[in-house]
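Here, each number is a calculation from the coordinates, and none is a lab measurement. Not measured: the values here are computed from a predicted model. Reconstructed Cβ throughout: ideal geometry from the backbone, glycine too, with neighbour counts over all protein chains shown.
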Protein chains: 2
Amino acid sequence: MLEHGGKLRQAATRYGLPVEDWLDLSTGINPNGWPVPEIPSACWARLPEDDDGLEQAARSYYGAEHLLPVAGSQAAIQTLPRLRPQSRVAVLDPGYAEHAYAWRNAGHEVTGVAAERLDEVVQDSDVLLLIHPNNPTGARFSVEQLLDWHTRLTARGGWLVVDEAFMDITPERSLCAYSARPGLIVLRSLGKFFGLAGARVGFVCAHPALLAQLHSLLGPWSVSAPARWVATSALADRAWQDAARQRLGAEGARLHTLLARHGLNPDGSCALFQWVRMPDAQDLHEALACQGILTRLFIESSSLRFGRSQLPASRDTCASLRFGRSQLPASRDTCASLRFGLPGDEIAWARLDAALSSVTVRHPDEAVL
Amino acid sequence: MLEHGGKLRQAATRYGLPVEDWLDLSTGINPNGWPVPEIPSACWARLPEDDDGLEQAARSYYGAEHLLPVAGSQAAIQTLPRLRPQSRVAVLDPGYAEHAYAWRNAGHEVTGVAAERLDEVVQDSDVLLLIHPNNPTGARFSVEQLLDWHTRLTARGGWLVVDEAFMDITPERSLCAYSARPGLIVLRSLGKFFGLAGARVGFVCAHPALLAQLHSLLGPWSVSAPARWVATSALADRAWQDAARQRLGAEGARLHTLLARHGLNPDGSCALFQWVRMPDAQDLHEALACQGILTRLFIESSSLRFGRSQLPASRDTCASLRFGRSQLPASRDTCASLRFGLPGDEIAWARLDAALSSVTVRHPDEAVL
């Protein structure tokens, strides 16, 4: 298993701060997600049924002809590698690490590829795997470019897999409308934009033959009935979606501005997160954690970068971290980065602002931190 | 995919009766399940976390040293066959069909075995798979007998897999306390006794090495956060559990008596269902469906019996079914059976009673139906 953002409980224990005192910016989840009403009790009592309206609502929302509900994109990430013989898999790097991990675990030959080199590796790959927009770098590609890659891959029986977990704010860039074409697989999820990460609902949009194989491997009832009910309603709520798109766009810009004001100029972003590369990323991560603000730290490791949540063992470490970082070896600082999610309310915004001020004030000689 | 009970929506369409007008006795789910309170909104918004108390509550409730939460036993059923090389798998027959289906799909050699022959096939099997108490026959085995089979299997690297989906009413018969032994795998679920089939929460109780393999294949976050929260509370609610055990015991006896009064003498049972073998099972299934009562029909098919939900195409067929079954070929009637779940309230009890009366009144010449 890889480590992930959202490990708030773990951070709470390590830093000795109760869970409820933390400001968790470690995920890219909308902090003001779709408001879930009370769940009809029948949803808990009865087995989920396929013909409950979920697929119809999802087809309409995503503009995809064929799709399969899955227990979050993670279920598809775990299972897709089982549907191919050993393949050469090019994975956008840096990027959400579960993809590379799953393909490698299933015995495929996985290569991490920088965004600039994707076009050149297509010819030597069986599968090209992108997160789009990318997490954490925010990298984007044109629909034409993606469809060209798909055409070149599928001509040799290859696949283009696009994880569109953060696509909801820019639906015009989605490949869902093309996903009935063989060899094109688009993953969607209600975790980020809808803020329903706990519900475990995602969709695979693809050719029906592939969906049938996937369904057979996943088996029946993999998405819970309450989650199906919530997802059906959220996907149909166009008024909420429009308002959320507007709000998140404005808040993404606000977070970008706030970070830049503290000398943290984002190197990439999407409305739901800002990504900052900096040599001192780990120090800043820890200094903020000492103030109860959890961010997501990425440190390069071998050919693929994996996120790490290295935390000091106790609050005792915090005091020294606030005042200096001389105890940290310089070598590990290369290629580190931080991802900031959106604060959920004005108190949270003010808290982040104040924390960044206090940290930078303590290091007056440095441009950053 | 196999067909299953609980296909109420399908029945509603075929018989032209709205879903809400049906009395669904087609499952073995407690119709008065654990009362789910309102879910904290954070459960929907945040990714599920491993250290939220669920595993601790489950270990205490099941008396198992090591366990892994899964998205219903079905997730384990789909995945366990991937953890062994090609094996000879003996499956209790008749029994819940998903087990045999999954092992066969994964390339194993599966043989259906009657309860009486289990002891003799152990020596020639790598895996013995039981539902205990069995669904739909209600067959039971002593703990000593099961542990003896386990010892003999594990001596050769084999497995005993016991699906205890219906065990909650008789916890003293569970093998959970022994499940840390290598080669013993016990499946539990909150679907039946707790009446939380929609939540998709189950547990695999087994040796930690096997659980780690299973966890790696299933990946993170396979159980939704609201379901984890509900399950944690339900597993800790001893007062509800005690009351439910008493109530279900009494209701099981009541259903047995009711059926017997109509000439339907159960051939097997557990508190949550009664199982009746009868040549006319399909006719009675259809006659009851015409009155909006859904039962579960089993018809033998090849070496393993699979449940079927054969329904007439329209309500037009219903009139004739109420008055006679001469149009049905006699040959298909062999080895058919019906499973009746518990009615949920007095109105439902009265409705079943009246429906059975009306059906038997129309066939005065026959002992049954």
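Table for the structure above
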read-out: Proximal charge balance of B:Ala253 [Cβ under 14 Å; K/R count +1, D/E count -1]; value: +3
read-out: Max mean-square fluctuation residue, GNM over chain A, Cα-Cα springs under 10 Å, options A:Pro133, A:Pro85, A:Pro266; value: A:Pro85
read-out: Order of A:Arg254, A:Arg351 - criterion: other Cβ atoms within 10 Å of each residue's Cβ, fewest first; value: A:Arg254, A:Arg351
read-out: Likely footprinting exposure, B:Thr170, B:Thr295, fewest C-beta neighbours within 10 Å first; value: B:Thr170, B:Thr295
read-out: Rounded to whole Hz, the Karplus (6.51, -1.76, 1.60) HN-Hα couplings of segment A:118-123, x for glycine and proline; value: 4, 4, 7, 8, 3, 5
read-out: In degrees, nearest ten, helix B:143-154 long axis to first principal axis of chain B (Cα); value: 60
read-out: Separation of alpha-carbon centers, segment A:23-54 and segment A:180-236, rounded to whole Å; value: 13
read-out: Neighbour-count ranking [beta-carbon atoms within 10 angstrom, fewest first] of A:Ser269, B:Ser142, A:Ser224, B:Ser358; value: B:Ser142, B:Ser358, A:Ser269, A:Ser224
read-out: Highest-first arrangement of B:54-62, A:149-157, where packing means the average Cβ count within 10 Å; value: B:54-62, A:149-157
read-out: Nearest-20 debye value, segment A:53-102 charge dipole, Cβ charges on Lys, Arg, Asp, Glu; value: 180
read-out: 7 Å along Cα→Cβ, label-point gaps from B:Glu65 to other copies, nm, shortest first; value: 5.6
read-out: The protein assembly as shown - charge dipole about Cα centre, Lys and Arg +1 at Cβ, Asp and Glu -1, debye rounded to 20; value: 380
read-out: For B:Gly112, distant residues with modelled amide H under 5 Å away; value: B:Val91
read-out: Label point 7 Å beyond Cα along the C-beta direction, distances from B:Cys335 to other copies (nm, shortest first); value: 6.2
read-out: Radius of gyration and maximum dimension Dmax of segment A:168-296, Cα, Å; value: 18.7, 52
read-out: Descending Cα extents along the principal axes, segment B:231-303, whole Å; value: 43, 30, 27
read-out: Check: chain A dipole with +1 on Lys, Arg Cβ and -1 on Asp, Glu Cβ, in debye; value: 400
read-out: Relative contact order (percent, whole number), chain A, Cα cutoff 8 Å, 6+ residue spacing; value: 23
read-out: Theoretical gain in end-to-end length, B:Glu144 to B:Ser233 [0.36 nm per residue, Cα-Cα removed]; value: 28.8 nm
read-out: Shortest-first distances to equivalent copies, position A:Ala354, nm, label 7 Å out along Cβ; value: 6.7
read-out: Angle between chain B longest axis and helix B:238-261 axis [Cα atoms, degrees, rounded to 10]; value: 30
read-out: Acute angle (nearest 10 degrees) that the helix B:281-290 long axis makes with the longest principal axis of chain B, alpha-carbon atoms; value: 80
read-out: Selection from A:Leu258, B:Leu248, B:Gly63 lying farthest towards where the dipole of the protein assembly as shown points positive, charges on Cβ; value: B:Gly63
read-out: Long-range amide H partners of A:Val70 with built H, under 5 Å; value: A:Gly202, A:Phe203, A:Val204
read-out: C-alpha center-to-center spacing [segment B:238-300, segment A:143-173] in angstrom; value: 52
read-out: Set of lysines with alpha-carbon distance to B:Lys192 below 27 Å, sequence-local pairs under 8 removed; value: B:Lys7
read-out: Zero-based 10 Å bins, Cα pair distances in chain B, whole percents; value: 5, 24, 31, 25, 12, 3, 0
read-out: Charge-dipole axis of the protein assembly as shown as Lys and Arg at +1 and Asp and Glu at -1 on Cβ define it, positive-most pick from B:Ser142, B:Leu196, B:Val161; value: B:Val161
read-out: Relative contact order of segment A:35-179, pairs being alpha-carbon contacts under 8 Å that are 6 or more residues apart, as %; value: 22
read-out: Alpha carbon centroid spacing (whole Å) that separates segment B:65-104 from segment A:55-103; value: 25
